[in-house]
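Only one structure is covered here, and it is reproduced in the block below.
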Amino acid sequence: MARYELVKRSVALITLTNPPVNALSSPVRHAIANSMERALSDPKVRAVVICGENGRFCGGADIREFAGPLRGPPLIPVLEAIEAGDKPVVAAIEGMALGGGFELALFCHYRIAQSKARLGLPEVTLGILPAAGGTQRLPRLIGIPAALEMITTGRHISAQEALKLGIVDQVTDQNACETALEFALKAVGKPLSPRRVSTLTTPCPPDLDALLEAATMQVKKKTPGVMAPLACIQAVRAAATMPYSKGMKQESELMATLFNSGQARALQYCFFAQRTAGKWTLPSGAQWNNSKPREIRSAAVIGLGTMGRGIVVSLARVGISVIAVESEKKLLENGRQMVIGMLERDAKRRGVSASLNLLKFTLSLQDLKDVDLVIEAVFEDMALKKRVFQELSKVCRPGTLLCTNTSGLDVDALAGVTDRPHLVAGMHFFSPAHVMKLLEVVCGPRSSSETIATAMSLGKKMGKVSVAVGNCPGFVGNRMLKPYLDQATFLLEEGATPEQIDKALEDFGFAMGVFRMSDLAGLDVGWRVRKESGLTGPDVDPKNPPRKRQGRRYCPIPDMVCEQGRFGQKTGRGWYKYDKPGDTNAKPDPLIQNLLETYRSRYGIQPRNISDQEIIERCLFVLANEGFRILEDGMAARPEDIDVIYLFGYAFPRHRGGPMFYASMVGLERVLERLEHYHQAHPDVPHLEPITMAYTGAQKALKSDKLDEAQALAKSCAGRPDFLPCDGLSICATHSHGKCFKLHWCCHLGWCHCKYVYQPMTNVAQLPSTPVPAAPSDCTDTIDLSISLTERFLRISPCFLPPPCPESPKYCNIAELFIDDYIVKRINGKMCYVQRPPIHTEAPSTPPQINPASLTPQKQHTEDKQTVEETVKGPKMGHCSSPSSSEDSGINALGGHYLESCEEESEDELSTDGHSSPGSLWDQDECTLLSPSKSIVEIIENIETTV
Ligand SMILES: CC/C=C/CC(=O)SCCNC(=O)CCNC(=O)[C@H](O)C(C)(C)COP(=O)(O)OP(=O)(O)OC[C@H]1O[C@@H](n2cnc3c(N)ncnc32)[C@H](O)[C@@H]1OP(=O)(O)O
């Protein structure tokens, strides 16, 4: 994990060897500690250089280790030995020095960076803070303002910027390690005290309070509700106001608060989910590591509407030559000017020259005969798209890949009109395509693995986060959006206002509520699609009940809003009013209030008070429920893929992890229960019905006395100021594991992880006493969740690990409370989180059911026995029959990312695509068990433990 060599006869070279990023895993920390000890005690060694193998210094702590108890030597003492030593230590930074890797460098006496290296403290993006002294050392080195900016944003800086700031001592174009070796020799004999960052005094600006206050306001605005940046500011304040050792203590305490928080879990989950999504897999067995992509040097884009223009820019700026095609001269010229303007602005921003020479504009498809790949981005009309694909089939050379940017139409139907269905796939960009990071790569049943590999790899080249999805109406993102939008309008009917719904969603963490976002995206697009699909307009049978379509509940309010010419921001009126067309400042409109009141009285609807909790539950649980249907249908391979789509395409708040992860945090039992509740109240809304499997599971579950007991305890806490009801918005240990008592009082165990947000903990001894059996009771007391949604979810999502060890065990004196696989046991005064031994019951436990419909018929006999994990690996190659959600494609639902980075280009007149798709760190000791019973010891060998 680290190589030790003596070079130049007197320099110890320590090379971190933990591919791919030389993360500071337990063996690496061990190896650094041992190597430093050796170097400091060897009289031949006069200086030390630390570098990383394969041109990468260090990517920081091993994030995977965060999910379990800390093993091996804690990092800080290892690093302190470096600084305290009497021999100069030089960090040779190549590639990257991030997080703990950067902190390692800050403990060295000197730092040399290779000119291409990047440095930073990205911990905040993982929901934590730089807790190996980063918050105390960086301000001492570079001052409060610069350190504050780096720490609260997690921004990576270049070697040159690091030199300017005074973080590194030298930047070299040569090999950093060679340079550092020379540098180290020259440093021998020079005094080390001034090089020890811990001894420096933080330069304290006179306006410290104002500065920190401004930073606080800024992060609250930019990342509302996110804890880590606020904790970072507190830690930096300590660097300015406290001696080093006290500051370190403060840093550690703040870290302890963050480390076990649900937000940290969510953000770390996002990190890995994003990387998992790139590892696509198809039912055929083809996957990312056994399929070779083609190299794409030239491409064509058909249609220069909003989407087409963004796609041209995305391709050209990564060096791919692009032929852009339009149907009319005026549209072509307009598109040309806009693309050039966009590319020029983009190049200026990046400090490079615009690659205009890669562009060609034409009116003729004949010009496309030699391109490697075509992306069609014409109007969202199947007949038109089919004509284009037929034509492409004739014109393009046989090997050209044909892709469509449809936001939800049947990709296989398009493949069917070509002479090369295996070379057809969907590439669904999100609007504006040059800004939004998400790309859904749609695998048709006949798409070859090479085609998918090429589309995925091209997405990566363009800097997109690409996710492979199956071919069903709306694919994954827009398919899920429909039930979400439906719930929002149903809530309006029932008594809510657009402002109230938006506020609840914004408080949850969305940058914009659903109605404000719809106003931004434009309401007319969805209206037109609804008219085309016969949901509204003259084609609707007058005898049809106004609030029903095909036997399902339908809300005509969005149509009524459009009938008044209210198309959103662009017309100055929509769900809100604006001072003028194009204005972005949304104000509540009494006319909308009147419209809603008139509507309700017309249909005899008695408006009721709707809580924020109901808004969140109905809008978001229905989203996750559809996600489960998508998994069941095989249209997404994993919950991570769905979450990544929502994070990058629909601005789902990252600190909530995505709709699927959020559901797991709330507790799937709870989600199921609430969905059942709402479905009973609204039986004509099929999307509220929990997916079949979950429903069946709940019906068969045995009610346990144990559960009642836990509920009784939880209930008895109701009303206490220090025990707040869980709104699902804050996370405790039970939630993180998806095991929540039905009554949902979070803090009854006294070790809820939400204490940062909620009230201080209360000693459990002060709880009203509820008798709890001392010994584990008979297994039959437990609830059988083996076929429940929870179980299924956990099986298909190995990434949803059990929570890290809960803190404050001293507060807990309850013997056994968890249900299902995990129980909390008190053993010799230690609280342990123990995996339950296998349950042997009379009734055979039903294995998680596999939807036979998700298997291709010829494979079913062999795949029947597979686990759920195996069967959901790849998107199913079929066209499923869910109702079309293409109508929602105009709404890039919640667009925080979009808003931040969108350029001011006017996206008004669309030539061809009316659809613009919317666009204590853990106490180091491990649990010591003195004399528990043997069976427990065996179980505990391989479990999570707490002190
Ligand atoms: C008390 C001390 C506390 C310290 C706190 C910390 O240090 S927290 C960690 C801070 N570091 C980071 O946040 C860096 C995270 N990593 C990255 O940003 C990028 O991975 C990279 C280092 C810039 C490299 O990017 P690149 O695009 O080249 O590769 P990938 O992102 O695809 O990563 C390759 C694989 O490596 C895994 N990985 C990367 N970093 C870590 C890490 N810190 N811990 C564990 N694993 C890491 C990544 O998941 C990829 O794995 P695959 O299995 O191949 O998907």
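The values are calculated or read from the model by the stated rules, or taken from the named source; none is laboratory data. What you see is a predicted model; the values in this text were computed from it and never measured. Methodologically, a virtual Cβ is constructed for each residue, glycine included, from the backbone with ideal geometry; neighbour enumeration extends over all protein chains shown. Areas reflect the complete protein model, heavy atoms only, side chains present, ligands, DNA and RNA absent. Shrake-Rupley method; radii C 1.70, N 1.55, O 1.52, S 1.80 Å.
Observations on the model:
- Protection-proxy order for peptides 333-339, 606-612, 491-497, each taking the mean of Cβ atoms within 10 Å per residue, highest first: 491-497, 333-339, 606-612
- Sum of side-chain charges, Gly351 neighbourhood, beta-carbon under 14 Å (Lys, Arg +1; Asp, Glu -1): +2
- Per-residue surface analysis assigns Tyr678 an accessible area of about 10 Å², computed on protein heavy atoms at 1.4 Å probe radius.
- Couplings 3J(HN,Hα) for the range 399-407, derived from phi with the Karplus relation 6.51 cos²θ - 1.76 cosθ + 1.60 (θ = phi - 60°), are x, 5, 7, 10, 10, 10, 9, 4, 9 Hz, where x marks Gly and Pro.
- Counted by Cβ distance under 9 Å from Phe272, the other residues give a net charge of +1, where Lys and Arg count +1 and Asp and Glu count -1.
- Model label sites at Gln550 and Asn334, defined 7 Å from Cα along the beta-carbon direction, differ in position by 3.4 nm.
- Sequence of Cys562, Cys204 from largest to smallest accessible area, 1.4 Å probe: Cys204, Cys562
- Filtered GluC sites (Glu not before Pro), the range 1-96: DSSP coil and at most 15 other beta carbons within 10 Å: none
- Three-way shape call for the range 477-692 based on the alpha-carbon gyration tensor, with the a/c threshold at 1.5: prolate
- Environment charge of Glu494, counting only residues whose C-beta is closer than 15 Å and scoring Lys/Arg +1, Asp/Glu -1: -1
- Of all accessible heavy-atom area on the range 428-485, the percent that carbon and sulfur account for (1.4 Å): 50 percent
- Placing dummy labels 7 Å off each Cα toward the beta-carbon, the span from Thr362 to Tyr4 is 6.6 nm.
- One chain, two ends: Ala210 and Thr584. Fully extended at 0.36 nm per residue, the span grows by 131.7 nm beyond their Cα-Cα distance.
- Its residue count N sets the reference 2.2 N^0.38 Å, and the alpha-carbon radius of gyration of the range 245-336 equals 1.91 times that reference.
- Net lengthening on full extension, Asp419/Ala84 (0.36 nm per residue, minus Cα-Cα): 113.5 nm
- Taking the average, over residues, of other Cβ atoms within 10 Å as the packing measure, peptides 254-263, 357-366 rank 254-263, 357-366 from highest down.
- Probing with 1.4 Å while keeping every protein chain in the model, the per residue accessible area of the range 298-471 equals 33 Å².
- Surface listing: Arg196, Arg530 arranged by accessible area from highest to lowest gives Arg196, Arg530, probe 1.4 Å.
- Inter-label distance, nm, simple model (7 Å from Cα along the C-beta direction), Lys186/Glu149: 2.9 nm
- Full extension of the chain between Lys221 and Ser284 yields a length gain of 18.0 nm, computed as 0.36 nm times the residue separation minus the alpha carbon distance.
- For Ala117, distant residues with modelled amide H under 5 Å away: Gly95, Ala159
- With R₀ set to 45 Å, the beta-carbon distance separating Arg71 from Lys116 gives a calculated FRET efficiency near 0.85.
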